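Only the coordinates and a few stated rules stand behind these numbers; no lab work does. The structure displayed is predicted, hence computed values, not measured ones. We place every Cβ from the backbone using ideal geometry, glycine too, and count neighbours over all the protein chains shown.
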Amino acid sequence: MSFFHDLPEQPERPRQSRAVQPGWFGPPSDEVPGIARVGGFAYKSQRMVIVLKLVEVYSSGCLLDLVWSVRRGNESDQEWREIVEESYNHPRSSLDTRTGLELGVAFTDGRKAVAAIHGPAAFDDPDDVTGPVLTTLGGGGGSNNDEYVQFTGRYWLWPLPEEDTTFVVRWRALGVPESSLAVSGDQFGEALGHVQKYWNG
């Protein structure tokens, strides 16, 4: 007889249903996104670029992949260290969105949203959100050396735009004035046609 033969069985526990996240919360966890390869400059100068590299399109919204890069000029070592530190785009305050890189979106019907560190759950009734909502999801890594610095950031936009959409950026500390990039609604629609669900039922 096995030593483990008479150990008690684990009791059955009630099966927990998966909580349904609201659309503004973030990308669905059960979809393969379609890709809108926008590949456009929201801002470009001799020293700095801010690029909307691509957009992952889901059934409920889209994930923006943003890249920014600064090229060193004649700054001293200390000045360059300050630029590198600013380029990390650390939030100075959880309630202050107007520091570092500012990102917003404008729809053709006049609606707009500005990227915030917290989603609507922090400030509004989460069951009564009409959007649009633009949420900061964090960075995706970066690199720097004595010649350039480059970082990435990810942002969730809900709901998915059905019309032409303008992305607006500004970064006062790095000398970036308010600049914009327009993306056509057709690009979102085409990528939406490539979204795949994990499960059919």
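Tabulated data
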quantity	calculated
10 Å-binned pair-distance histogram of the chain (Cα, whole percent)	8, 30, 29, 16, 8, 5, 3, 1, 0
Approximate spin-label separation Glu12-Thr108, in nm, with each point projected 7 Å along Cα-to-Cβ	5.6
Residue-count net charge about Asp164 - beta-carbon cut-off 15 Å; Lys, Arg +1, Asp, Glu -1	-3
Kirkwood Rh (inverse of mean 1/r, distinct Cα pairs), segment 1-88, angstrom	18.4
For peptides 103-115, 43-55, sequence by mean Cβ density within 10 Å, most packed first	43-55, 103-115
Acute angle (nearest 10 degrees) that the helix 77-87 long axis makes with the longest principal axis of the chain, alpha-carbon atoms	40
Potential lengthening between Ser143 and Glu85 on full extension [0.36 nm per residue; Cα-Cα distance subtracted]	19.7 nm
Burial order of peptide ranges 24-36, 66-78 (average beta-carbon count within 10 Å, highest first)	24-36, 66-78
Segment 23-197: relative contact order as a whole-number percent, Cα under 8 Å and 6+ apart	29
